[in-house]
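One structure is given below, encoded as structure tokens.
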Amino acid sequence: MARIPEDLVDSIRSQADIVDIVSDYVTLRRSGKNYLGLCPFHDEKTPSFSVNPERQIFHCFGCGKGGNVFTFLMEHENVTFVEAVHHIARRLNITIPDTNREHEAGSEAESLARVTRFAALFFHERLLEAGRDSIVRRYAEQRGLSEQTIKSFGLGYAPDSWNDLLNAARKQGIGTDLLVKAGLAKAGEQRTYDAFRKRLIFPIQAPSGRVVGFGGRALSDEDQPKYLNSPESPIYRKSQVLYGLYQARESLRRQGRALVVEGYMDLLGLHEQGIQGVVALCGTALTREQARLLARYGQQAYLVYDSDQAGVRATWRAIEPLVESGLWTRVVRLPENHDPDSYVREHGPDGFMKLVEQADSPADFMGYHANLQASGERDEVFRTLAGLIRNTSNLVHREMYREEAERRFPALQGLLASELRHPGRSGRSGRSDGQSGSRGPGTDPRDRQAVPGAAARDGGERVERDLVQLMLSDRTIAELVEGQLEPHDFKYPLYRRIVEKCLAGLGDGGSYDLAGLIDTFGDDEAVRVITELINTSDSGVNLEQRARDHIVRIKQKRLKESMARLMEQIKQMETGGRSDELNDAMATYMELKQQEKVLLQSARGG
Ligand SMILES: [Zn+2]
């Protein structure tokens, strides 16, 4: 089989869900952020095989095997890398072009991706070149959109014209039919014309950063509809995309909390006020796929919808998929006549975050909005809550939701308890059903074997290992290390290699893709260590301070080694009587000594 282009491999890897693929072979159930099952690579009775959906990797705490979705198939099915890629591509309905016909166009999906990329750039450039008095610039200013936001979200302007985009595309050799298929042009009776006209454009990006669709906001009130969204296409499945996720993913991982808003402008308004980790829907109701996508990046979801009737109804519908996907779900209650953007403008980021902290539980939200005097409506609330709690995949959450529901509705007490004693009896089948209660939170294999073989490790290795772990778990820490240490500062060859590739991965400014990183290592050992480090990393506090401490220790150790070497030379020079060299060496020694002093002072915060 022929080589597969690297960006296609990347795209296939980022679209595959390791939990889905592994589930074809191993029964997995949720345990905290991860999924657990019996290891297919060694014989065991208690599960120590862990799949991490957020990082898209697996690791066995028993036999040490680990890797990404491709590694899993290669090991399990005994196939080559290329065969594993083909296997997953088939499952995802992605066509891998036959390299013998490479001069011909690639798959339709690839052609569409080229078109959306071209259009995103076209719109963006129109906005950047628009004069201060233009309608789009006036609108952007009125909504408080800064240049920085315009650039990081790639916002654009669709000019007030029937064919600017069509003409520009034609010059690039992009066919009209592709523009129509991507929803960027419409085929009328007489002629084909640009679908987006006189609008502020929001490019919608897949989690990989690829532009897959567009939203457009009318710039004057008489233009309808107010929001226009491009239709689904072979590359744009609305149920699987969240606006802003690409920009938010690092902060989602860091803070673990996602704010879910209804619209593009809500998200951009919050972003302008420095509020991070926000995702928006693109004109659709929140789906299970979107909830699962979100659960890959964080553990908590806060719904921040408009306070109007439509917003309340949409919130009601969004709770279930979020709870079911294992996200700890809260509802932020905005005062009447407010949307997130208007509220944060009026009350500032602190005022907004105060509301977030006071967010309601699902039970409180339902109790507040339902007419509990009407018995039909009350029964509906009870049924909904019971269903929610039953289908919660996270056992700890299940208990907590139950307590909240009983506190809000004491009448639910007996009812919920019997529901939960017989889980799944009336519930839908799900990954967790029928298996609840067999494991408590304390039986996570990580507790038993937090750092395998830790005793055999010396202090220097511990520091390097811990720092590598922090770098793998948090991009900001990798960036911190990048400015402070070189790979050769790491003494242990394995860690040095991981650091090298980790820092190289930062260079392109794009995603910090650990599953992708794994493919760049040819050997098992590095992959094992990487997956083990990721799966044993804790989300504890002061990660950055810990990293800073390690950096200082490594720097100090290197300085001490240099000084020791120099001292050896100085001793030899003293006996050899070469005074000029001796003076130089002494000066260098004093300089290193001074560097150490400065290092330790800065570490103490001086
Ligand atoms: Zn194993």
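Quick check: net charge around D164, other residues with Cβ under 13 Å of its Cβ, Lys/Arg +1 and Asp/Glu -1? Walk me through the numbers before you get to the answer.
Details: positive: R126, R170, K171, R197, K198, R199; negative: E125, E129, D160, D194.
Around D164, the charge tally is +2.
Counting Lys and Arg as +1 and Asp and Glu as -1 over every other residue whose Cβ lies under 13 Å from the Cβ of F352, the net charge comes to -4.
By the equivalent-ellipsoid construction on the alpha carbon gyration tensor, the range 6-101 comes out with semi-axes of 26, 14, 10 Å, ordered largest to smallest. With angles folded into 0 to 90 degrees, how steeply does helix 108-129 sit against the dominant principal axis of the chain? Use alpha carbons for both and round to 10. So the inclination is approximately 90 degrees. Under a 5 Å amide H cut-off, with hydrogens placed 1.01 Å from N, T329 pairs with A301 among residues at least 5 apart or on other chains. Partners of K557 within straight-line reach, counting lysines whose Cα lies under 17 Å from its Cα and excluding those fewer than 8 residues away in the same chain: K491, K593, K597.
Kirkwood's formula applied to the C-alpha pairs of the range 239-359 gives a hydrodynamic radius of 13.8 angstrom.
Using the Cα centre as the reference, give the magnitude of the dipole from point charges on the C-beta atoms of the range 482-595 (Lys, Arg: +1; Asp, Glu: -1; all else neutral), rounded to the nearest 20 debye.
With Lys and Arg at +1 and Asp and Glu at -1, about 500 debye.
The phi-based Karplus calculation (6.51 cos²θ - 1.76 cosθ + 1.60; θ = phi - 60°) puts the 3J(HN,Hα) values of the range 582-588 at 4, 4, 4, 5, 4, 4, 4 Hz, whole numbers, x for Gly and Pro.
Suppose accessible area is computed on protein heavy atoms with a 1.4 Å probe; arrange T27, T531 from highest to lowest. Walk me through the intermediate numbers first.
Values: T27 105, T531 0 Å².
Most to least solvent-accessible, the answer reads T27, T531.
Compare the peptides 260-272, 51-63 by average per-residue count of other Cβ atoms within 10 angstrom and give them in order, highest first. Before the final figure, lay out each step's value.
Values: 260-272: 24.7, 51-63: 23.1.
Top of the packing list down: 260-272, 51-63.
For the residue pairs K226/K354; K238/K354; K45/K501; K65/K501, the alpha carbons lie more than 27 Å apart in K226/K354; K238/K354; K45/K501.
To the nearest 20 Debye, how big is the dipole of the chain about its Cα centre, given +1 on the beta carbon of each Lys and Arg and -1 on that of each Asp and Glu? Walk me through the intermediate numbers first.
On the way: 81 positive and 87 negative charges, 158 e Å.
So the dipole magnitude of the chain works out to roughly 760 debye.
Provide the percentage of antiparallel DSSP beta bridges, counting only those with both residues in the chain; round to the nearest 5. Before the final figure, lay out the partial values.
Working: 31 of 43 bridges.
Expressed as a percentage, antiparallel bridges in the chain total about 70.
Over all pairs of different C-alpha atoms, the chain has a mean inverse distance whose reciprocal, the Kirkwood radius, equals 27.4 Å. An ellipsoid equivalent to the range 105-236, defined through the eigenvalues of its Cα gyration tensor, has semi-axes of 23, 17, 13 Å when rounded to whole angstrom and sorted largest first. In the chain, the longest principal axis of the Cα atoms and the axis of helix 493-506 are about 40 degrees apart. For the chain, with all protein chains in place and a probe radius of 1.4 Å, 46% of the accessible heavy-atom surface sits on carbon or sulfur. Summarising the amide proton neighbourhood of I4: residues at separation of 5 or more, or on other chains, whose placed amide H is nearer than 5 Å comprise an empty set. Enter the angle in degrees (range 0 to 90, nearest 10) between the Cα long axis of helix 459-473 and the first principal axis of the Cα atoms of the chain, meaning the one along which they spread out most. Approximately 20 degrees, to the nearest ten. When the charge dipole of the chain is built from unit charges on Cβ atoms (+1 for Lys and Arg, -1 for Asp and Glu) and taken about the Cα centre, the candidate among V481, V211, S361 whose Cα reaches farthest toward its positive end is S361. Rolling a 1.4 angstrom probe over the protein heavy atoms with all chains in place gives the range 272-424 an accessible area of 44 Å² per residue.
The values are calculated or read from the model by the stated rules, or taken from the named source; none is laboratory data. Being a predicted model, the structure only gives us computed values, none of them experimental. As a convention, Cβ positions derive from the backbone with ideal geometry for all residues, glycine included, and neighbour counts pool all protein chains shown. SASA here: full protein model, heavy atoms, side chains in, ligands and nucleic acids out. Shrake-Rupley method; radii C 1.70, N 1.55, O 1.52, S 1.80 Å.
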